[in-house]
Amino acid sequence: MKSPGSIETIKQDAQLSDRRSDGVNSTALMKMSIHNSLLIFAAALTLGATILSAQDTMKPKPTQQDAFDVIGIQVRTNNAKEATGDGAIPKQWQRLFAEGILNQIPEKIDQSITVVYSNYASDWNGDYDYTLGAKVKSGTKPPQGMASVTIPAGRYLEFESARGLGQTVVPEVWRQIWAYFQDPANPQRDYKADFERYEPSDPANVQAHVFIRVKP
């Protein structure tokens, strides 16, 4: 896990880059808060999430999603690696702002930031592709150094976090997700693709929308 000092340094770098890039200056602080929470989330998955009681587990909203494309920066990683102090995901968030990645993505459909988990080697224990970017028009070609991934159509469960600081609400919603899928009576994940969506907001008012694809 990174020290608080190093996270503050990343925040300062992101803010400086943000001032030079009009397209993301409303979201940088919020996303660095999410960056911090991702470290906590990965460690919770690897070391063992807290299993919540049935009455505390959230009820997700079933949704049928059409296929759509996301373009962004991509890395292959796993939860065990992300639980160390050298995880790939925090570095991707740092790049997103330091390099103005969002402004380089063509044909964006909206201003939200989308995270895609895809190409799973097995289940949550295995490797997966992590793509950090934005939803784009179908068929858009990625710029050099970026990747395009298609979210397949199908049945998803939407888990919505509370609003608050990213380092609080994001790990909490993932603990709820973990607890939900421990119950064999609930729909089961198919590990084809999952995604998260973050709308621009104040850093103290972050809300995560997590969509988990489930078996028919």
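Please treat every number below as a calculation from the coordinates, not as lab data. In this text the structure is predicted, and so the values were computed from the model without any measurement. All Cβ positions, glycine included, derive from the backbone under ideal geometry; neighbour counts span all protein chains shown.
Any of 61/135; 59/215; 59/108 with alpha carbons more than 23 Å apart? Name them for me. Don't skip to the answer; put the middle values down first.
On the way: 61/135 21 Å; 59/215 17 Å; 59/108 31 Å.
Beyond 23 Å between Cα atoms: 59/108.
How far apart, in nm, are the 7 Å Cα→Cβ label points at residue 205 and residue 185?
With each label point 7 Å from Cα toward Cβ, the separation is 3.8 nm.
Give me, ordered by chain and number, the residues 5 or more places off residue 191 or on other chains with an amide H under 5 Å from its own placed amide H.
Result for residue 191 returns nothing.
Give the residues of region 85-128 whose amide nitrogen is closer than 12 Å to a point set 7 Å from the Cα of residue 197 in the direction of its Cβ.
109-115
Work out the FRET efficiency for residue 168 and residue 63 from their Cβ-Cβ distance, taking R0 = 30 Å, and round it to the nearest 0.05.
Values: r = 25 Å, r/R0 = 0.84.
My answer for the efficiency is 0.75.
Determine ³J(HN,Hα), in whole Hz, for all residues of region 136-147 in sequence, where each value follows from phi through the Karplus function 6.51 cos²θ - 1.76 cosθ + 1.60 and θ = phi - 60°; x replaces Gly and Pro.
10, 5, 4, x, 5, 7, x, x, 4, x, 10, 10
Work out from phi, with θ = phi - 60° and the Karplus expression 6.51 cos²θ - 1.76 cosθ + 1.60, the ³J(HN,Hα) of each residue of region 81-91, listed in order in whole Hz, and give x for Gly and Pro.
5, 5, 7, 8, x, 10, x, 7, 5, x, 5
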